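See below for the structure under consideration.
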Amino acid sequence: MLVMGKLFGTDGVRGVVNEELTPELTLKLGLSIGTFFGEHSRILVGRDARVGGEMLMFSLIAGLLSAGVKVSIAYPRGYAPTPAIQYAVKELGYDGGIIVTASHNPPNYNGIKVVNAIGIELDRESEKAIEEIYFSERFHRSKWSSIIHDTTIEPRVIDSYIKSIIDHIDKQTVRSREFRVLVDCGNSVSSLTTPTLLRELGVKPYTVGCDISPHPYRELEPNPSTLSQSALIVKQLGLDLGVGHDGDADRAIFIDETGEVWWGDRTGSILSSYIAEKKLADLPRRIYTAVSSSKVVVDYLSQFNIEVAWTPVGSIYISYNLLNKGGIAGFEENGGFIYPPHLLARDGAMTTALLLELLAVEKKKPSQIFSQVPRMYSVKTKIPMPREASQKIVKKLVNLYSDTSYRVITIDGLRVETEDSWFLIRPSGTEPVLRIMVEAYSKEKAKKLTNSLIEEVRRLISDET
Ligand code: MG
């Protein structure tokens, strides 16, 4: 959803292909990004498997070339997971990277993500600088005699990325277990990486949707509903584990051997305690997670003396906190997990390799590992309303709850924690809705709390009118 005078949202530029996100727009955006990075800078470009990816990538490249940028395209044809591009930018010495992707969004969407020389998404100030160039049209156009004549192909993206992941993993121990693992690529770019990674770790991959297609067999957000077929296969074939990725493969959502699908904040908690004990014992015992993560994160990680630092929703906040303040990991409930020694960005394949190592070292089944995290029941709902209206409602609710004895966090919307429940109410960054997330240690309590919150919001709306 593009807003007037603004291009970048929570996670790059996103829009419906050929309606909001046209080749004319990406041409101008390419010129703006090229102007921002400067003539002769080296930019690596890649994309996921979405419709319109090639069209948008080439118009973007035309803009970059006009600004005098040296452009390399990831082999093959730009296809690569977002984290593979991010890793290649950092490792192969590019000045920046651009990924044409709309991650997990519906199939009619595409988008543009820009990363800096260390492979992290640009900070908000840099995004604003690019927007200013775009809207003022103060483009730098290269002199005809110094226009870069040809783009080059970068063949090392996939291999160097897989190699780095393996270098961070206890390969021998994983190999010894002879795991059989289902991987659901959603017909996108993880097809190029996760099955190969598994084979190199001595794991036998069972693949679903691991051929690249602009018309994926399922929705690209990995969750219990979109992974239901894969979950059934894991259970019926008696496989050790299943993993589902989103469109650009920076997320991993896991299926245990019983066919149960686990959210990323559960996986993140389990992996963080393992990493703190066995892999990064010298780093500060701190993790970063968005306010949309469950209270179980704190309830579980406090046993290991690991501090939980909350961030606004958007993985960029987690990346920059890890960069500036340090910590052992960062994660989101949607399946994004960051392992700093490899890359300061979410990475679906790295997360999969780490979980396999944990399972191999601990010699336990995934269901046993996941059941160590307390079980909470969740309800997610949304109330349609314009963004300004939902911001007003959240402000009023913050005032109402600030005087209570509950633990209140207001860095992004309103998050309230009690002994046996928590909830988050925030205006969506991508849709005109107010999002409500509730979790409680009993199903009844979760439902009751959700209903009372909806009622409270309705009352506030009627007070307004
Ligand atoms: Mg993604």
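Restricting attention to the range 232-255, which residues are open to solvent by 10 Å² or more (accessible area, probe 1.4 Å), farther than 24 Å from S269 by Cβ and either within 16 Å of the ligand (Cβ to nearest atom) or in contact with a strand residue (DSSP E or B) (Cβ under 9 Å, 6 or more places away or on another chain) (or both)?
Listed by number, the residues that qualify are I233, L237, G238.
Mind listing just one residue for me: the one in the range 61-82 that is among the hydrophobic types (A, V, I, L, M, F, W, C) and outside any helix (DSSP H, G or I) and, of those, farthest from the ligand (Cβ to nearest atom)?
A67
So G119 clears everything in (1) in contact (Cβ under 8 Å) with a residue 60 or more places away in the chain; (2) part of a loop (DSSP other than H, G, I, E, B); (3) over 22 Å from the mean Cα position of the chain (by Cα) except one condition, right? Which one?
(3)
Do we have any residue at all in the range 332-339 that's part of a helix (DSSP H, G or I) and touching a strand residue (DSSP E or B) at 6+ places or on another chain (Cβ under 6 Å)?
Within the range 332-339, not a single residue is part of a helix (DSSP H, G or I) and touching a strand residue (DSSP E or B) at 6+ places or on another chain (Cβ under 6 Å).
Of T226, T267, which residue is within 16 Å of the ligand (Cβ to nearest atom), open to solvent by less than 10 Å² (accessible area, probe 1.4 Å) and among the β-branched types (V, I, T)?
After ruling out the rest, the residue left standing is T267.
Out of everything in the range 210-223 that is within 16 Å of the ligand (Cβ to nearest atom) and charged (D, E, K, R), what residue ends up being nearest to K363 (Cα to Cα)?
This residue is E221.
Return only the number of the condition from (1) in a helix (DSSP H, G or I); (2) open to solvent by 30 Å² or more (accessible area, probe 1.4 Å) that R375 does not satisfy.
With (1) in a helix (DSSP H, G or I); (2) open to solvent by 30 Å² or more (accessible area, probe 1.4 Å) applied to R375, the lone miss is (1).
Can you confirm whether L44 is part of a helix (DSSP H, G or I), away from the ligand (no atom under 16 Å from the Cβ) and not aromatic (F, W, Y)?
no
Could you list all residues from the range 6-29 that are in a helix (DSSP H, G or I) and touching a residue at least 40 places away in the same chain (Cβ under 8 Å)?
Correct list: T26, K28, L29.
The values are calculated or read from the model by the stated rules, or taken from the named source; none is laboratory data. Treat the numbers as computed from the prediction; the structure is a model and nothing was measured. Because the Cβ atoms are built from the backbone with ideal geometry, glycine has one as well, and the counts that use them run over all protein chains shown. For the accessible areas, the whole protein counts, side chains as well, though only heavy atoms, and no ligand, DNA or RNA atoms are used. Shrake-Rupley method; radii C 1.70, N 1.55, O 1.52, S 1.80 Å.
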